[in-house]
1. Can you confirm whether Arg44 is among the basic types (Lys, Arg) and either under 20 Å from Leu108 (Cβ atoms) or open to solvent by less than 70 Å² (accessible area, probe 1.4 Å) (or both)?
2. List every residue pair whose Cβ atoms lie under 9 Å apart, where the two residues are 6 or more positions apart in sequence or sit on different chains, the first residue falls within the stretch 1-30 and is in a helix (DSSP H, G or I), and the second residue, located anywhere, is open to solvent by 90 Å² or more (accessible area, probe 1.4 Å).
3. With respect to Ala52, is the statement that it is part of a helix (DSSP H, G or I), open to solvent by 40 Å² or more (accessible area, probe 1.4 Å), touching a residue at least 24 places away in the same chain (Cβ under 8 Å) and closer than 29 Å to Asp15 by Cα true?
4. In the list Ala132, Ala85, Ala89, which residue meets the criterion of being modelled with pLDDT under 90 and open to solvent by 60 Å² or more (accessible area, probe 1.4 Å)?
Amino acid sequence: HLRLEVDKLNRTQVDWVKVVTGMLDHVFALNQAGRQSRQEKLVRQLDNFQVACRDVARRVGVVTHEPKPEDGFDTKKHQLRDPEAEPEAGAKIIGIAAQGLTHQGQVLRKAVVVIWSSKPSTLFVDCDLPTAFAEDRPGSSKG
């Protein structure tokens with residue numbers, strides 16, 4: 001009977017971790033849409049909202065990870081949308097398509113990133129996802 005209850009609790013935990021990570025992904029996408037609007041007050045409000053949501057998630061062991069602009073691509077921490085793509089050594093991160101997630105120290109998902117390498121032809125961008133700091137991407141328009 002006790003094993004059955006433990007299994008039930010484990011399944012419940014898996015379910016709520018999925019709910020929390022889904023919520024964090026939606027908040028991240030909302031935040032990125034706000035950044036693209038370039039409305040300073042809106043961006044500030046959405047940043048505060050995202051921080052509050054991340055704080056709540058952290059209390060139950062779910063932590064987000066976002067690389068910094070110009071960090072080098074690291075296969076231990078980052079991934080590209082296209083699993084077949086192979087970035088050259090020294091490729092720099094120019095955007096985030098999805099934040100990395102851990103639960104109680106275990107990786108749920110590496111940060112999905114957009115990179116720019118030394119060759120302009122090796123820009124890896126997935127247009128289906130919002131990207132953090134994409135306005136810094138070479139060749140993007142500001143305005």
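1. Values: among the basic types (Lys, Arg): yes; either under 20 Å from Leu108 (Cβ atoms) or open to solvent by less than 70 Å² (accessible area, probe 1.4 Å) (or both): no.
Here the answer is no, as Arg44 does not meet what is asked.
2. Sorted first by the residue in the stretch 1-30, then by its partner, the pairs are Val27/Phe49; Leu30/Phe49.
3. On the way: part of a helix (DSSP H, G or I): yes; open to solvent by 40 Å² or more (accessible area, probe 1.4 Å): yes; touching a residue at least 24 places away in the same chain (Cβ under 8 Å): no; closer than 29 Å to Asp15 by Cα: yes.
Against the criterion (part of a helix (DSSP H, G or I), open to solvent by 40 Å² or more (accessible area, probe 1.4 Å), touching a residue at least 24 places away in the same chain (Cβ under 8 Å) and closer than 29 Å to Asp15 by Cα), Ala52 does not qualify.
4. Details: Ala132 fails: open to solvent by 60 Å² or more (accessible area, probe 1.4 Å); Ala85 fails: open to solvent by 60 Å² or more (accessible area, probe 1.4 Å).
Exactly one residue qualifies, and that residue is Ala89.
The values are calculated or read from the model by the stated rules, or taken from the named source; none is laboratory data. Just so you know, these numbers come straight off a predicted model, no measurement behind them. Don't worry about glycine lacking a Cβ; one is built from the backbone with ideal geometry, like all the others, and counts go over all protein chains shown. Just the protein is used for accessible areas: all its heavy atoms, side chains included, with ligands, DNA and RNA removed. Shrake-Rupley method; radii C 1.70, N 1.55, O 1.52, S 1.80 Å.
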